[in-house]
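The structure appears below as structure tokens.
The values are calculated or read from the model by the stated rules, or taken from the named source; none is laboratory data. Since the model is a prediction, treat every value here as computed from it, not as a measurement. For neighbour counting, all protein chains shown are included, and Cβ atoms are generated from backbone atoms with ideal geometry for every residue, glycine included.
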Amino acid sequence: MQEQVKNDYYERIEKAVNFMEDNLMKKLTIEMISEKASFSKFHFIRVFTAMTGETAGSYLRRRRISRSSKQLINTNHSILNIAFDYQFESQEAYTRSFKKVYNTSPGKYRKLNNNQRAFGRARLTVERLSHLKSNVTMKPKIIEIEKRNFIGMNVLTSLANNKIPQLWRDFMPRKKEIENNINTGCYEIHPFDTGFKMENFTEDMKFEKWAAVEVNEIKNIPKELNSLTIEGGKYAVFEHKGTMSNIQMSFDYAYGTWLSNSEYEIDRRASFERYGEQYFGPEHPESITELWIPIK
């Protein structure tokens, strides 16, 4: 019975989402949307937020921004007209919302080449709703840490030439050589690049990744391994449950939904994933991967 109710809620929320998606350029009210889901306004607000981690208004605004970004690229329409087309009351309101999603202004976004433009914010589907319910913590833990020391291997990689799987194949046989491992698991670390600019990003751009373990102090570093110290600070910590094949949906939620609706913003420090005692391998459906996102 409970499973039937859950599936019914998924289907009703999907109807509401489809209605919003079909009418992104029209004026919509919460009453109109909740009616499509066959919920009362009050119940719809509670159910939608519980199932997606954001309000219907926030979802609608992000999807309008995502869809409007295509008009910025593919048409010569003015930013003001695009703002009005997607139901923003002014160019200023549109620009504020656009920056919240893409971290740049509509004008600057329009000038980027195709490889430099950020991907659009994903449409909600039953698959994504199910993922949010079962495969990722929707409210992260906020944890403040002191600086941490690591020993491991690092590599320069890119989206076009992914060297991360080989990095782990090289590192894992060497892990036992690290004498002062404090056994908090394995870490995949992405140090913050002070020279990085989103407008310059392409699939061929190289960035640094580490496969490492945490150590109590940096000493006796095995040959061909290196050390890394990351700054302390505040992190939002999400748990992804399941295989690595769908971890991108957890990242999409953490960065694309939770962060943009939170009081926080990304801090200029290292991000990392932790594979602890509840991580049973990349294909195990019960594996837990922690996603640590630096915030301020």
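Tallying residues that are closer than 26 Å to Pro282 by Cα, more than 18 Å from the chain's Cα centre (by Cα), surrounded by 13 or more Cβ atoms within 10 Å (Cβ to Cβ) and modelled with pLDDT under 95 within the stretch 185-204 yields 0. With respect to being within 27 Å of the chain's Cα centre (by Cα), modelled with pLDDT of 95 or more and not in a loop (DSSP other than H, G, I, E, B), Met20 fits the description. Listed by position, the helices (runs of 4 or more DSSP H) contained in the stretch 65-136 that have at least 1 residues being modelled with pLDDT under 95 and under 22 Å from Phe238 (Cβ atoms) are 91-102, 126-134. For Phe84, the criteria (1) surrounded by 13 or more Cβ atoms within 10 Å (Cβ to Cβ); (2) touching a residue at least 12 places away in the same chain (Cβ under 8 Å) hold in every case but one, which is (2). So if I check each of Tyr235, Tyr279, which one is buried (at least 19 other Cβ atoms within 10 Å of the Cβ) and either more than 12 Å from the chain's Cα centre (by Cα) or free of Cβ contacts under 8 Å to residues at least 24 places away in the same chain (or both)? Going through Tyr235, Tyr279 in turn, just one is buried (at least 19 other Cβ atoms within 10 Å of the Cβ) and either more than 12 Å from the chain's Cα centre (by Cα) or free of Cβ contacts under 8 Å to residues at least 24 places away in the same chain (or both): Tyr235.
Of all the numbered requirements in (1) buried (at least 18 other Cβ atoms within 10 Å of the Cβ); (2) under 16 Å from the mean Cα position of the chain (by Cα); (3) touching a residue at least 60 places away in the same chain (Cβ under 8 Å), Tyr102 misses one, and that requirement is (3). Mind listing just one residue for me: the one in the stretch 160-184 that is under 26 Å from Asn103 (Cβ atoms) and surrounded by 11 or more Cβ atoms within 10 Å (Cβ to Cβ) and, of those, modelled with the lowest pLDDT? Checking each candidate, the answer is Ala160. Going through (1) touching a Ser or Thr at 6+ places or on another chain (Cβ under 7 Å); (2) touching a residue at least 60 places away in the same chain (Cβ under 8 Å) one by one, Phe192 falls short only on (1). Restricting the stretch 253-268 to residues that are out of contact with any helix residue (DSSP H, G or I) (no Cβ under 8 Å at 6 or more places or on another chain) and crowded, with 19+ Cβ neighbours inside 10 Å, the residue that is modelled with the lowest pLDDT is Trp258.
Taking the conditions (1) surrounded by fewer than 17 Cβ atoms within 10 Å (Cβ to Cβ); (2) of a type in the set (Ser, Thr, Tyr); (3) modelled with pLDDT of 90 or more in turn, Thr157 satisfies each one other than (1).
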